[in-house]
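Report on the structure given below.
The values are calculated or read from the model by the stated rules, or taken from the named source; none is laboratory data. Just so you know, these numbers come straight off a predicted model, no measurement behind them. Note: ideal-geometry Cβ built from the backbone for every residue, glycine included; neighbour counts use all protein chains shown. Each accessible area value is taken on the protein alone, full model and side chains, heavy atoms only, with ligands, DNA and RNA left out. Shrake-Rupley method; radii C 1.70, N 1.55, O 1.52, S 1.80 Å.
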Amino acid sequence: QFTDAIPFFERALRQNPESVDGNDNLGHALMEVGKPDAAISHLRIVLQHRPNDVDALNGLADALTQAGQFAAAIPHLEASLRAKPDQPVAHYSLAMALVRLGRTDQAIEHFRSTIRLQPNAPAALNGLAWIRAANSNAAFRNGGEAVQLAQRACQLTGYRRPALLVTLAAAYAEAGRFEEAIATAQKARDLALASGPKDLAERSRQMLELYQSRQAYHEPPTAVRAAP
């Protein structure tokens, strides 16, 4: 019950503002209730005293990411992984931040690390599949691998998540399998219309028209977009 706990943490910090445990507790509680901006200063205080605290490093990186400060999050994730290399969640978070900054080659490396450590992670499989299917740089695209990754992500989720189906459709198109791309994009649109989000349904419709004209979808060169 983080919302109820926050006033008690705040009261304790008014008595001892530099309390490491107090700032740690309040920072993580604020994250849990969706207040990343408020959490940042408290987690920074923790790291001043415990610079190799993996939980605080990951928490601060998560707060910065949620606040849209992707570049600021990266050093904390890198420090966390130096302290504890086999963290699939940290590798995934770092991959997503790198994608947002257009550092695709490094993002691929960390998506692969995530999948190595956690082979059944749909989000990581989908993230890497999207790059291999739709990246603006042809050097990063590989239709065959994109299909394998996206199919695995969809299998793990029962082919019921429209965002993952959008990626699978793009992968099929990149591999030249346009009939499967059309059918998959249509299913993604139908699921998105039924359960939301509606913007994903519209995106699926636009991509469906592209596949019907036998064209693969590639991001514009200036776009910096994570997987659906």
Item checked: Odd one out for ALA79, checked against (1) outside any helix (DSSP H, G or I); (2) open to solvent by less than 50 Å² (accessible area, probe 1.4 Å) -> (1)
Margin query: For the range 32-43, which positions are in a helix (DSSP H, G or I) and open to solvent by 30 Å² or more (accessible area, probe 1.4 Å)?
Written below: GLU32, ASP37, ALA38, SER41, HIS42
Note to self: Being of a type outside the set (Val, Ile, Thr), surrounded by fewer than 22 Cβ atoms within 10 Å (Cβ to Cβ) and in contact with a helix residue (DSSP H, G or I) (Cβ under 8 Å, 6 or more places away or on another chain) is true for just one of GLN66, GLN1. Which residue is that?
What the structure shows: GLN66
Checklist line | Inter-residue pairs, beta-carbon under 6 Å, first more than 16 Å from ASP53 (Cα to Cα) and in the range 14-39, second at pLDDT 90 or above and in a loop (DSSP other than H, G, I, E, B), 6+ apart | finding: PRO36/ALA67; ASP37/ALA67
Notebook entry, point to check: Restricting the first residue to the range 148-160 and requiring it to be closer than 19 Å to ALA201 by Cβ, which pairs with a second residue that is open to solvent by 50 Å² or more (accessible area, probe 1.4 Å) meet a Cβ separation below 9 Å and a spacing of at least six or different chains?
Noted result: CYS154/ARG160; CYS154/ARG161; TYR159/LYS187; ARG160/SER195
Next item on the list: Could you check how many residues of the range 10-24 are assigned to a helix (DSSP H, G or I) and open to solvent by 70 Å² or more (accessible area, probe 1.4 Å)?
Entry: 5
Next item on the list: Report the residue count in the range 124-147 for those that are of a type in the set (A, V, I, L, M) and touching a Leu at 6+ places or on another chain (Cβ under 6 Å).
Entry: 3
